[in-house]
Structures are given as structure tokens and as C-alpha cells.
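Right, one structure below, let's go through it.
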Amino acid sequence: MRQAPTLAERAVFLSASIPDPRRWSGSFDALEITDAVSTAARAILTASGTLVSAAHPTIAPLLLYVAGEFPKSSEPRVIIYQSHLFDPILPPATLRFENAGIGVLRWTDAVEGDTPEPGRRDASLQLMRETMLRETDPAGAIFIGGMEGIAIEHDMFQELYPGRPEYALGRPGGEARYLAERADSPLGRELMTGDVYPAVLRRIVADISTSLE
């Protein structure tokens with residue numbers, strides 16, 4: 001009997017953040033985003049997948065906290081990418097979890113002339129995102145909450161890996177809601193309105209696994 005495909009030794013890209021109300025006029029629910037992100041992390045790690053994400057200050061410590069619930073493994077189960085542009089403002093919790101062996105930080109260079117302020121960091125973020133997606137070769141991508149960066153990462157994933165499965169959750173709001181509205185996914189309405197996140201994420205993980213057949 002042929003074994004069912006699994007996510008073992010494959011990466012899943014999670015693009016997520018809690019929008020900044022000073023720069024985001026759309027609706028979102030920070031608690032829903034947090035709930036969905038932590039549930040996504042547990043679902044991927046339970047399936048023996050590797051979680052890949054950028055070091056957004058509202059998300060990376062949460063992912064590493066969830067990873068700390070699982071037994072340590074010889075290979076990193078959570079990989080967080082960050083640009084050296086943000087060295088001075090990296091949350092201490094992210095470094096603390098890495099020092100404890102729970103996840104790994106992978107650094108990319110800052111582009112000369114960039115600064116950490118919005119609108120002045122695009123080249124460094126572009127380099128970080130391209131490096132992250134090319135190096136980890138994700139089997140699928142999940143999008144939760146976020147602002148304009150979510151759309152950029154969504155388009156980049158599609159360009160690099162056309163046809164690979166992608167899932168935007170609509171209920172928590174943010175930019176991902178607009179992606180969910182436009183998506184053509186077999187999970188359709190469940191992604192747009194589903195709020196029982198353990199059930200939604202189990203469906204997503206199962207769908208990614210099936211795509212590996």
C-alpha cells in the first residue's frame with residue numbers, strides 16, 4: 001500500500017502580520033490573526049513540516065513560542081528570515097528563542113541607502129523575501145492578516161512557484177482578506193469565512209500534502 005504524502009522535510013511559507021492602524025485603513029482583528037497564526041504553526045509542525053516566515057515583530061516571537069511546545073529536533077523546524085537592516089530593532093524574544101535552540105534566524109544583507117522606516121526599506125525587504133523563498137523552496141504558502149507586504153509576498157510566491165498551493169484566510173481581515181476574495185481555491189468559502197481555525201488549518205495541511213503526490 002502506498003503511503004500517504006506528508007510534509008516531512010518540506011517547508012511551508014507563512015506570510016502574516018498584525019496591521020499597523022496608523023498605516024492601514026482596512027478592517028482586521030488582531031486576536032483573530034494571532035489565533036490563526038498560532039494554529040497554523042501548530043498544524044504545520046504537527047505534520048512534521050518546517051515553518052518559514054519573515055521576522056515580523058508581531059509574528060516571529062509567536063511562531064517560536066509555539067515551536068517551543070514541540071520536542072527539539074536535529075534540524076530547525078522554524079526558520080525566520082531577517083534583514084540586517086533591522087538589527088537595532090529585532091525583538092529580544094526572537095533572539096532568546098533562537099539561543100534556546102527552538103528556531104533559527106537566517107540573515108540577509110541590508111541594501112546600501114535603505115533605512116528601517118516605511119518607504120525607505122523596499123530594496124532590503126525585496127532581497128530578504130527573494131532569498132527566503134528561493135532557499136527554502138516552500139511546498140505551499142499561507143497568508144494571514146497583514147498589509148501591503150502580504151500582497152508583495154503573495155505575488156512573489158506565485159511568480160517563483162506557479163501552481164503551488166496557496167491559502168489566504170479571510171476572517172481575520174487585513175490584506176489577506178482581499179487575497180481570499182480573489183482566490184480560486186478548492187477550499188473556497190472555508191478560507192473566506194472559516195473561524196474554527198484548527199479545522200481550517202487541518203484542511204490546508206492535508207491539501208498541501210496531497211499536492212506532493
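Quick note: the coordinates plus some simple rules give every number you see, no bench work behind them. Owing to the predicted nature of the structure, the values given are computational and were not obtained by experimental measurement. Here the Cβ positions follow ideal geometry from the backbone for every residue, glycine too, while neighbour counts run over all protein chains shown.
Suppose we filter region 112-138 for residues that are under 19 Å from Pro162 (Cβ atoms) and either basic (Lys, Arg) or touching a Pro at 6+ places or on another chain (Cβ under 8 Å) (or both); how many remain?
2
Do you know which residues across region 36-59 are of a type in the set (Ser, Thr, Tyr) and under 15 Å from Pro71 (Cα atoms)?
Thr46, Ser48, Thr50
Under 7 Å by Cβ, and 6 or more places apart or on different chains, what pairs join a residue from region 16-45 that is β-branched (Val, Ile, Thr) with one that is part of a loop (DSSP other than H, G, I, E, B)?
Hits for this filter: Ile18/Thr58; Ile33/Ile18; Ile33/Pro172; Ile33/Gly174; Val37/Ile59; Ile44/Leu7.
For Gly170, are the conditions met, namely being of a type outside the set (Ser, Thr, Tyr), closer than 20 Å to Pro19 by Cβ, buried (at least 17 other Cβ atoms within 10 Å of the Cβ) and touching a Lys or Arg at 6+ places or on another chain (Cβ under 7 Å)?
yes
Which residue pairs have Cβ atoms closer than 6 Å, lie 6 or more positions apart in sequence or on different chains, and pair a first residue in region 123-142 that is touching a residue at least 60 places away in the same chain (Cβ under 8 Å) with a second residue that is assigned to a helix (DSSP H, G or I) and surrounded by fewer than 22 Cβ atoms within 10 Å (Cβ to Cβ)?
Cβ pairs passing all conditions: Arg129/Met156; Leu133/Leu160; Ala141/Phe157.
Can you name every residue in region 173-213 that is of a type in the set (Val, Ile, Thr), over 21 Å from Ala151 (Cα atoms) and more than 18 Å from the chain's Cα centre (by Cα)?
Of everything in region 173-213, those that are of a type in the set (Val, Ile, Thr), over 21 Å from Ala151 (Cα atoms) and more than 18 Å from the chain's Cα centre (by Cα) turn out to be Val196, Thr210.
Return the only residue of Ser38, Ser53, Ser48 being within 14 Å of the chain's Cα centre (by Cα) and surrounded by fewer than 21 Cβ atoms within 10 Å (Cβ to Cβ).
Only one candidate qualifies: Ser38.
Between a first residue in region 52-74 that is closer than 14 Å to Leu105 by Cα and a second residue that is aromatic (Phe, Trp, Tyr), which pairs have beta carbons less than 6 Å apart while being 6 or more apart in sequence or on different chains?
So the pair list comes out as Val52/Phe13; Ala54/Tyr81; Leu64/Phe97.
In region 177-199, how many residues are touching a residue at least 60 places away in the same chain (Cβ under 8 Å) and under 24 Å from Leu45 (Cβ atoms)?
3
Looking at (1) in contact with a Ser or Thr (Cβ under 9 Å, 6 or more places away or on another chain); (2) without any contact (Cβ under 8 Å) to a residue 40 or more places away in the chain; (3) crowded, with 19+ Cβ neighbours inside 10 Å, which one does Ile102 not meet, given that it meets all the others?
Failing condition for Ile102: (1).
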